[in-house]
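J.: Here it is, the structure, as structure tokens.
The values are calculated or read from the model by the stated rules, or taken from the named source; none is laboratory data. Computed from a predicted model, the values in this text were never measured in an experiment. Cβ placement follows ideal geometry from the backbone for every residue including glycine, while neighbour counts extend to all protein chains displayed.
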Amino acid sequence: MTKGKSIRADEKNGSVNAWPVPKTEGNNIFMAINENHGACALTMLSRRERQVLELIAHGLTTKDIARLMVLHAGTIEKYRLNIINKNKVHNMCEAVAMAIRAGFIK
């Protein structure tokens, strides 16, 4: 797991925090797209795909994510492939960069 980082998944609103998290609630980064970027393919991602994308952006491995989400590693790999295909990018690095530019990941 990521050393020195708090991991918190909120199933109710689909957010996942994978950084030092203060004892406050409501950090849902998937609420809206930055106005400057317009509509984005990132909105087509499922709640789980968005969670996986954010966890990848924060440095977690497929194995770590599978353990955290209580899923098989193959399921996480499928989510990764869906993220790449839905966003028409070549790799996860491009998908993460797109998500950061669009304001989905801080």
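J.: Somewhere in segment 20-28, is a residue surrounded by fewer than 18 Cβ atoms within 10 Å (Cβ to Cβ), at pLDDT below 90, not in a loop (DSSP other than H, G, I, E, B) and not small (Gly, Ala, Ser)? Don't jump to the end; show me each part of the working.
T.: Within segment 20-28, the first condition is being surrounded by fewer than 18 Cβ atoms within 10 Å (Cβ to Cβ), and the residues that meet it are 20-28.
Going one step further and asking which of them are at pLDDT below 90, we end up with 20-28.
Then keep just the ones that are not in a loop (DSSP other than H, G, I, E, B); that gives none.
So far as segment 20-28 goes, no, none of its residues is surrounded by fewer than 18 Cβ atoms within 10 Å (Cβ to Cβ), at pLDDT below 90, not in a loop (DSSP other than H, G, I, E, B) and not small (Gly, Ala, Ser).
J.: For the condition assigned to a helix (DSSP H, G or I), surrounded by 14 or more Cβ atoms within 10 Å (Cβ to Cβ) and touching a residue at least 60 places away in the same chain (Cβ under 8 Å), what is the one hit in Arg80, Arg67?
T.: Testing whether each residue is assigned to a helix (DSSP H, G or I), surrounded by 14 or more Cβ atoms within 10 Å (Cβ to Cβ) and touching a residue at least 60 places away in the same chain (Cβ under 8 Å) leaves just Arg67.
J.: Now for a separate question. Report, by residue number, each residue of segment 94-106 that is free of Cβ contacts under 8 Å to residues at least 24 places away in the same chain and under 12 Å from the mean Cα position of the chain (by Cα). Let's see the steps before the verdict.
T.: Of all residues in segment 94-106, those free of Cβ contacts under 8 Å to residues at least 24 places away in the same chain come to 94, 97.
Selection gives Ala97 alone.
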